[in-house]
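Reviewing the structure listed below.
The values are calculated or read from the model by the stated rules, or taken from the named source; none is laboratory data. Remember, it's a predicted structure, so these values are computed and weren't measured experimentally. Heads up, the Cβs are rebuilt from the backbone with ideal geometry, glycines too, and the neighbour counts pull from every protein chain shown. The protein model used for the area step is the full one, side chains on, heavy atoms only, and it has no ligands, DNA or RNA in it. Shrake-Rupley method; radii C 1.70, N 1.55, O 1.52, S 1.80 Å.
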Amino acid sequence: MKSHEIRDRFLKYFESQGHHKVKSSSLIPAADPTLLFTNAGMVQFKDCFLGHNDLGYHRATTAQKCVRAGGKHNDLENVGFTPRHHTFFEMLGNFSFGDYFKKDAIHYAWDLLTNQFKIPAERLRVTVFETDDEAFEIWKDQGVRPDWIVRLGEKDNFWAMGDTGPCGPCTEIHYDWGPEYGCGKPNCQPGCPCDTRFLEIWNLVFMQYNRDATGKLSPLPKPSVDTGAGLERLSCVLQGVYSNYQTDLFTPIINAISIKVAVPVGRDKNLDISMRVIADHLRSSTFLIADGVTPSNEGRGYVLRRILRRAIRHGKKLGMEQPFIFELVGSVIETLGNVYPEIVKNRNLIETLIREEETKFHETIHRGMGVIEEAIARATKEKSKALSGDVSFKLYDTFGFPIDLIEVIAKEHNLSVDLVAFEELMNKQREQSAAHAGSHNKVLEAISHHLEKRQFSTQFVGYDHLHASGKLIEMFDSHGKGVHTLELNQEGYALFDVTPFYAESGGQVGDQGKIHGKSGDALVENTFKVGKLIVHKIKISKGNLENQKPYTLDVNPVNRRLTAINHTATHMLHAALRKTLGERIKQAGSLVDSGRLRFDFTYPKGLTHEEISMIEGLVNSEIEKHLPVNIKEMGYDDAIKTGALAFFDEKYGDKVRVVKVGNDKNDFSVELCGGTHLQNSGDIGILKILSESSVASGVRRIEAITSTTALHFLSDRSNALNRIESLLGAKSQVAEKIEGLVSQLKQLQKENEQLKIKVAQSNIKSAKVETKTEKIHDIQLVLEQIPSGDAKVLRALVDQFRDSLKEKTIVVLASQSEGKVSLCVGVTKDLVGRYDAGKIVKEIAPEVGGSGGGRADFAQAGGTKPEGIKAAFSKFRNWLEANP
């Protein structure tokens, strides 16, 4: 049975059992900062399980795309080496939100597997939690032999959402490959350490308890069901193959890789591993980029970069020294594009970003090889058996070398890697990263954890009102600890049953304003979402605030309006980008506040001045048309059919808010958006683009201002131009006159540098400085301290010495000025390969209190210790003596 048939049959079966078919959510979890990626089918239903959200249905089924490559669930290093570990996979699931429970869940699973998929019952085994007698009896009633039901402990068969909160036992269904696949022991069964005979194909989680901070389990009023069956594993069973990589989900991709690298599958075990790694990582990279992740040095982008670089490394093992993985994206699209149209729609972007990352990493490896070769030479000289943790961490952190690549290169030179020291440095970096993340997120997490146990709700009235009366229902201090009262000048967080304050989301900052009551007043410094609730960050400005008391809440109207102006302008900028550059433009992030707007979008290259001018002009022409801004609520599917744009990092329910800028003749912009907006585009006044830049590979950023802020900016520019015209004494051709002055300045600077060189040469002659002509080994040395001269002068002199002496010469020149030192090193062409100027300058620069680098034939450094120049020369002599 083909994988697409398995997926379809699974979903249709549960639809026939009254389940609502829900499409896969994005790999980027919406409104859940605790997760890097969607790693299970239940992620998009988390609020339903917690009782925070009612979707209007209580049974659901999905085929969810998942990634496990970071954080707690991280399978990255095992991928390719085992039959079943993946970074990307599809999780088939059925869910009950307080509807059916164990009996029906077990019946559905058994019926689908044995009657619909026709898997022989005698090939199936079941595990249950060791004390879950109820599940054990249900399985017996289902017809499963008692000796085929295995009781396992909490580690294997008990699931929890976190340390506290919803949890419960689970039951797993395993496929028995047969005794020939096992360890041979008579008691080999699910849970056996051999882990080769029994394949887990379905996990049914029964969320029936709530665990408190003491560990006590209390029954939930509405127990729920969360199940997950890996499509790749089901495909193995139903296609009769032992490895996921032998299923039709992978074989077309692996065959495409085999053809590309000209290596037949099955010829070499290790090369097969590399092809499996590339196939898996190509799938995850394709889907991550389609969902808005781009390679970077932090967060999700860093995980994507690691995945791609690991694939590139395995490409090198297959003999591929040039970018090639991007050319294989089509094989993933041919396999899964009919199910997930986003990878088809974003094909050009996916290929572009992968190609760029491949190119960069090949360059990175080339640069980093010098560092690792130097470290290997040092370790060999010192008769060490391992590369130090410092070097390994530098290669990993600075040059992006995967640790397995470092180990492979070290092993080629009979060295190991000090992994203990490496891990210590990694842990230190993680701790520093956590500290840099700040305490704010930790406080919100603490508040979220506290509120999970309460059935609170917040009524947001801020679309229509900037003033409201509300009851303070929960309050926290600045550390996230629940309190009854906050006193004068104390800071904390407050939750009301009604609020007009917009909470930070969708790129729009949270509202600011004031809270007033009989007992005291507070300033609202920011507003945040915690799940479905709105939390106000406050500072008491008068008296105190107390729980369960009524207060009036007032949003700052000026900030709100300016923010609304910038938000509507952001929509119009997005539309102008797509109309000017094409529909491949995809939002990659945004920030909207009262002072400016920032918009990140996917595009492979920088914009020209002409393109920026066209985009700005298009927005302003639509602003001048005074287009109405209409906001409607409608069903998600209906909104998408109208052409409304939806975004990867937003979570949408069945009902969505559609913001349209335009009229019946001109739908200039249509987006799904929960933010605050104007009623007419003309209220924006004007938009001015300040800058366009790169923020990551394949991601550009535009920063812009609007309204009075833009007018003030343009006024300042006009005044500056008037001053320039006054200084030049000209009202026309100002740019041409400035260009002429700049050209003259450059010519004078060039002439000045030439004069400095002549002066330096004259000073050398007048001081009767003798060029050092003694040789070390067969090398002629020039070691000179120039009486005066900057780095440019030294470089010119190095070139002159090399040109005059021509071969087998190393030149080291130094100068000092105002307590600063310049060093330059030159190596004649015939010695490049034997000696490296960059390594030489790194060796001697510490003597003058500095550092530097450069090419093999020329390098330079700066320092702050002029008294160390002689020591630097001496160190170079000693170094050269030791390195013939």
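Under the condition of being under 30 Å from residue 54 (Cβ atoms) and in contact with a Pro (Cβ under 8 Å, 6 or more places away or on another chain), which residue from the range 218-243 is surrounded by the most Cβ atoms within 10 Å (Cβ to Cβ)?
Per the stated criteria, the residue is 224.
Please specify each residue of the range 653-702 satisfying the condition of being polar (S, T, N, Q), over 27 Å from the mean Cα position of the chain (by Cα) and surrounded by fewer than 18 Cβ atoms within 10 Å (Cβ to Cβ).
Looking only at the range 653-702, we keep the residues that are polar (S, T, N, Q), and these are 663, 666, 669, 676, 679-681, 691, 693-694, 697.
Keeping just the survivors that are over 27 Å from the mean Cα position of the chain (by Cα) gives 663, 666, 669, 676, 679-681.
Of everything in the range 653-702, those that are polar (S, T, N, Q), over 27 Å from the mean Cα position of the chain (by Cα) and surrounded by fewer than 18 Cβ atoms within 10 Å (Cβ to Cβ) turn out to be 663, 666, 679, 680.
Show me the strands (runs of 3 or more DSSP E) entirely contained within the range 446-536 in which 2 or more residues are more than 17 Å from residue 549 (Cα to Cα) and open to solvent by less than 60 Å² (accessible area, probe 1.4 Å).
Fully inside the range 446-536 and qualifying: 520-530.
Mind listing whichever residues of the range 858-884 are without any contact (Cβ under 8 Å) to a residue 24 or more places away in the chain and among the aliphatic types (A, V, I, L, M)?
Within the range 858-884, just 882 meets the criteria.
Among the residues of the range 493-510, write down those that are of a type outside the set (A, V, I, L, M, F, W, C) and within 19 Å of residue 457 (Cα to Cα). Don't jump to the end; show me each part of the working.
Here is the first cut: in the range 493-510, the residues of a type outside the set (A, V, I, L, M, F, W, C) are 493, 497, 499-500, 502, 504-508, 510.
Matches in the range 493-510: 493, 497, 499, 500, 502, 504, 505, 510.
Taking the residues in the range 290-337 that are outside any helix (DSSP H, G or I), under 27 Å from residue 589 (Cα atoms) and of a type outside the set (A, V, I, L, M) as candidates, determine which candidate is modelled with the highest pLDDT.
337
Out of (1) without any contact (Cβ under 8 Å) to a residue 60 or more places away in the chain; (2) crowded, with 23+ Cβ neighbours inside 10 Å; (3) of a type in the set (Phe, Trp, Tyr), what's the single condition that is false for residue 287?
Unmet for residue 287, out of (1) without any contact (Cβ under 8 Å) to a residue 60 or more places away in the chain; (2) crowded, with 23+ Cβ neighbours inside 10 Å; (3) of a type in the set (Phe, Trp, Tyr): (1).
For residues in the range 31-67 being more than 24 Å from residue 338 (Cα to Cα) and aliphatic (A, V, I, L, M), which is surrounded by the most Cβ atoms within 10 Å (Cβ to Cβ)?
Going residue by residue through the range 31-67, those that are more than 24 Å from residue 338 (Cα to Cα) are 31-36, 45-59.
Okay, now just the ones that are also aliphatic (A, V, I, L, M), so 31, 35-36, 50, 55.
Details: 31: 14, 35: 16, 36: 23, 50: 20, 55: 15.
So the residue we want is 36.
Checking residue 482 against (1) modelled with pLDDT of 95 or more; (2) over 29 Å from the mean Cα position of the chain (by Cα), only one condition comes out false. Which one?
With respect to (1) modelled with pLDDT of 95 or more; (2) over 29 Å from the mean Cα position of the chain (by Cα), residue 482 is out only on (1).
Before we move on, is residue 589 touching a residue at least 60 places away in the same chain (Cβ under 8 Å), in a strand (DSSP E or B), crowded, with 17+ Cβ neighbours inside 10 Å and not hydrophobic (A, V, I, L, M, F, W, C)? If you could, list the steps in order and put the result at the bottom.
Values: touching a residue at least 60 places away in the same chain (Cβ under 8 Å): yes; in a strand (DSSP E or B): yes; crowded, with 17+ Cβ neighbours inside 10 Å: yes; not hydrophobic (A, V, I, L, M, F, W, C): yes.
Yes, satisfied.
Please note which strands (runs of 3 or more DSSP E) are completely contained in the range 772-884 and include at least 1 residues that are open to solvent by 50 Å² or more (accessible area, probe 1.4 Å) and not small (Gly, Ala, Ser). Working first, answer last.
Details: elements: 779-786, 809-817, 820-827, 851-854, 858-863.
So the answer is 779-786, 809-817, 820-827, 858-863.
I need a count of the residues in the range 155-200 that are touching a strand residue (DSSP E or B) at 6+ places or on another chain (Cβ under 8 Å) and in contact (Cβ under 8 Å) with a residue 40 or more places away in the chain.
The qualifying residues number 23.
Could we say that residue 133 is open to solvent by 60 Å² or more (accessible area, probe 1.4 Å) and touching a His at 6+ places or on another chain (Cβ under 8 Å) here?
no
From the set of residues in the range 711-736 that are farther than 27 Å from residue 685 by Cα and under 46 Å from the mean Cα position of the chain (by Cα), which is most open to solvent (accessible area, probe 1.4 Å)?
Only one residue tops the list, namely 736.
Find all pairs meeting these conditions: Cβ atoms under 8 angstrom apart; at least six residues apart or on different chains; first residue within the range 318-347 and open to solvent by 50 Å² or more (accessible area, probe 1.4 Å); second residue among the β-branched types (Val, Ile, Thr).
That search, which allows pairs on different chains as well, returns 319/261; 319/263; 344/333; 347/329; 347/333.
Restricting to the range 541-582, what's the tally of residues that are surrounded by fewer than 22 Cβ atoms within 10 Å (Cβ to Cβ), β-branched (Val, Ile, Thr) and farther than 30 Å from residue 54 by Cα?
Residues in the range 541-582 being surrounded by fewer than 22 Cβ atoms within 10 Å (Cβ to Cβ), β-branched (Val, Ile, Thr) and farther than 30 Å from residue 54 by Cα: 2 in total.
Take the conditions modelled with pLDDT of 95 or more, over 23 Å from residue 235 (Cα atoms) and not in a loop (DSSP other than H, G, I, E, B) and apply them to residue 109. Does it pass?
no
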